[in-house]
1. Take the Cα of Asn106, step 7 Å along the line toward its Cβ, and report every residue of the range 190-210 whose backbone nitrogen sits under 17 Å from that point.
2. Using the count of nearby Cβ atoms within 10 Å as a rough guide to exposure, how do Asp260, Asp204 rank from fewest to most?
3. For Met116, what charge total do you get from the other residues with a beta carbon under 9 Å from its beta carbon, if Lys and Arg give +1 and Asp and Glu give -1?
4. For the range 147-196, what class follows from the C-alpha gyration tensor (a ≥ b ≥ c being the square roots of its eigenvalues): rounded when a/c is under 1.5, otherwise prolate if a/b is larger than b/c, else oblate?
5. Using the 10 angstrom Cβ neighbour count as an exposure proxy, how do Thr113, Thr96 rank, fewest first?
6. Does the range 32-278 come out rounded, prolate or oblate by the C-alpha gyration tensor, with a ≥ b ≥ c the root eigenvalues, rounded set by a/c under 1.5 and, if not, prolate when a/b is larger than b/c and oblate if not?
7. State whether the range 78-166 is rounded, prolate or oblate according to the following rule on the C-alpha gyration tensor (a ≥ b ≥ c being the square roots of its eigenvalues): a/c under 1.5 gives rounded; otherwise a/b larger than b/c gives prolate, and the remaining case gives oblate.
8. Using a basic spin-label model with each label point 7 Å from the Cα along Cα→Cβ, how many nm lie between Ala84 and Glu66?
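Quick note: the coordinates plus some simple rules give every number you see, no bench work behind them. Everything quoted here is computed from the prediction, not taken from an experiment. Cβ coordinates were reconstructed from backbone atoms using ideal geometry, including for glycine residues, and neighbour counts include every protein chain displayed.
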Amino acid sequence: MEKLQAAIEIARRQRAAQEGRAPETAHRAAGSGLDATELPPDTAPGHPGLDHPGVSIDGAWDALREVQLNRGALIHSRILSLSASAESAPFDVLRTKILYQMRQNNWRRLAITSPMPQCGKTITSVNLALALSRQPELRTILFDFDLRSPTVTEKLGLKDAPSITPLLSGKTRFQDHAVRVGPNLALALSGTPDSDPTRLLMADSTREVLARIQTDYAPDIMIFDLPSILIGDDARAFLQHVDCALILARAEQTRYGDFDSCEREVGEYTNVLGVVLNGYRHADGKFDAIEGTG
């Protein structure tokens, strides 16, 4: 972990020098309070959208179909944040840090990605969403936007999720697609892989659908589990539609060159909120970050 951290800092300083900028402003996450080794505006009342004319935002949430999660299935997938515990603590810390920075900047849309697969981005996305759901004053929506290989449904122990394509194409209403966990967490799941999702993620219909959801449901945070950056164009196609992004790297697996390329790419499209170094093991056998590969 120390080598990766040092390499990150050296590269940022070199990049800043090349571009004639001070090191502390070289990175779009400067001042965010989340550095590379850390775990990581309240919406005014909106008006009801066309999906439910005359229905309040509370009523719109209540109308979403509620699902029950199986604790055993969650634990099997390393989903540990359904309730507060020692195991959920890293995600609770992450939640607190993210909430602070997003509120400071009046941000609502958070993407979670990684340089390459198997860094733990989906496990982090799901655990973060559940940790946020334990804050009763917050409303959160989690979107499975890893459309070539959607796994949020599996991580949650759910089955038979519909394709998200009709929703993003404007052919299906959010209230007919999404499900709800408790009173304040909605899930926009993707049950069918898409062979060419870039066109959908870049489409005007996707932008319009998300804007409408944000108006109709007034979520405090919208989390998007995106594909890894370096395996294709899908994540790049969508990053322009979020306020910030969290990058997952895995100790002893993520190569510095891949991380640097990923951070550069993400920073071209949105604000880099921070980096989570996953799976670092101390000499005493304890983990310093989140464990899981999904």
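1. No residues fall inside that zone.
2. With the sparsest Cβ surroundings first, the list reads Asp204, Asp260.
3. Working: positive: Arg250, Arg255; negative: Asp258.
Every neighbour counted, the sum reads +1.
4. oblate
5. Thr96, Thr113
6. Note, shape of the range 32-278 comes out rounded.
7. Prolate.
8. About 2.2 nm separates the two model spin labels.
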